[in-house]
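Taking it in order: structure first as structure tokens, then the write-up.
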Amino acid sequence: MDAALHKLDWSLVQSFLAVAEHGSLSAAAKALGASQPTVGRQIKAMEVALGVTLFVRQPRGLVLSETGSDLIEPAKAMQEAVNEISLRAAGREDATIGTVRITASITVSHYVLPPIIAAIRLAEPGIAIELVPSDESENLLFREADIALRMYRPTQLDVVTQHIGDMALGLFGSRDYLARTTKPESLEDMMALDLVGHDREERLIHGLRERGFDATRDWFKTRVDNPTVYWELVRAGCGVGFTLSKVGRADPDMIEIPTGIEIEPLPLWLTSHEAMRHTPRIRRVWTLLAEQLVQVIRDDAKT
């Protein structure tokens, strides 16, 4: 068995972790960008090298054997070590050319970042930008992104952060919608308006409850979780809804509605893995992002 362990390279362990996570060879192959037969051969090769059975086939896919379950933790440790090697090596690159991958919330990606990325491309034509709009927390350790824009203070280990500022939120309705309703002059009037809310996401409900409102899902007569579709529903006159003040105030067809309550702004943090932060191209994009975003927040505060 010891001699066979020399053949236990990272690709075998990578396939093992992918099948364990996704529950089938086909799903694991899709996640890895490989073919199903290749992943199957790699699992078999790992089983032969170790002299064990890693998975048990069931009607709905593959499940870990007892031995396979015991190997998950060391396999993940190997995954972290491989990624650490990659990060440290990438952090030594000297050129300000290449690709920088940025992830941000869907709203920020859609309404805030496009002109900023255009400015970065103009300033640094040798740097390609990949933008990942996502409301999930992309993992910087595993190089799912080089720079992340978070709307909360990151707590992940081995990352560096910079608080850019706070982005104001507001309540908005379309001119057409507000023209056919009673103009809200009090908190009670505002709550009598049709509200656009979320489907499965409950952060808005929790936020209203924290401010003393007995909010429930039924309060919202139109519901959707995608934030760009949410805003388009508000713009179309389905009711009033919350968005970044910068977004609402930039639309001449929308009217900001005074709420009489304090709406906590969203903090904006830049984040990168510490091993990558000083790579020249990432450092340059970080600097340009910070400068542009600070200006966006300042301009928003003036309106």
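Descriptive notes on the structure:
- Accessible surface for the chain, divided over its residues, is 55 Å² per residue with a 1.4 Å probe.
- Within the chain, helix-based [θ] at 222 nm, where runs of 4 or more DSSP H residues each add -39,500 (n - 2.57), nearest 500: -13500 deg cm²/dmol
- Only protein atoms count toward the accessible area here, which uses a 1.4 Å probe; on the chain, the carbon and sulfur part of that area reaches 50 percent.
- Using bins of 10 Å that start at zero, the share of Cα-Cα pairs per bin across the chain amounts to 5, 21, 23, 21, 17, 9, 3, 0, 0, in whole %.
- Partner lysines for LYS44 [C-alpha distance under 27 Å; skip if fewer than 8 residues away on the same chain]: LYS7, LYS30, LYS76
- Take 263-269, 242-248, 199-205 and order them by the average number of nearby Cβ atoms within 10 Å per residue, most first; the result is 242-248, 263-269, 199-205.
- Solvent-accessible area of SER105 with every protein chain in place, 1.4 Å probe, in Å² to the nearest 10: 20 Å²
- Remark: C-alpha extents of the range 183-303 on the principal axes read 53, 31, 26 Å, sorted largest to smallest.
- Under the Debye formula (equal points on every Cα, no solvent term), log10 I(q)/I(0) of the range 153-208 at q = 0.18, 0.24, 0.25, 0.30 Å⁻¹: -0.84, -1.11, -1.14, -1.24
The values are calculated or read from the model by the stated rules, or taken from the named source; none is laboratory data. Bear in mind that the values here come from a model prediction, so they are computed numbers and not experimental data. When we count neighbours, we look across all protein chains shown, and the Cβ atoms used for this are built from the backbone with ideal geometry, even at glycine. Heavy atoms of the whole protein, side chains included, go into the accessibility calculation; ligands, DNA and RNA do not. Shrake-Rupley method; radii C 1.70, N 1.55, O 1.52, S 1.80 Å.
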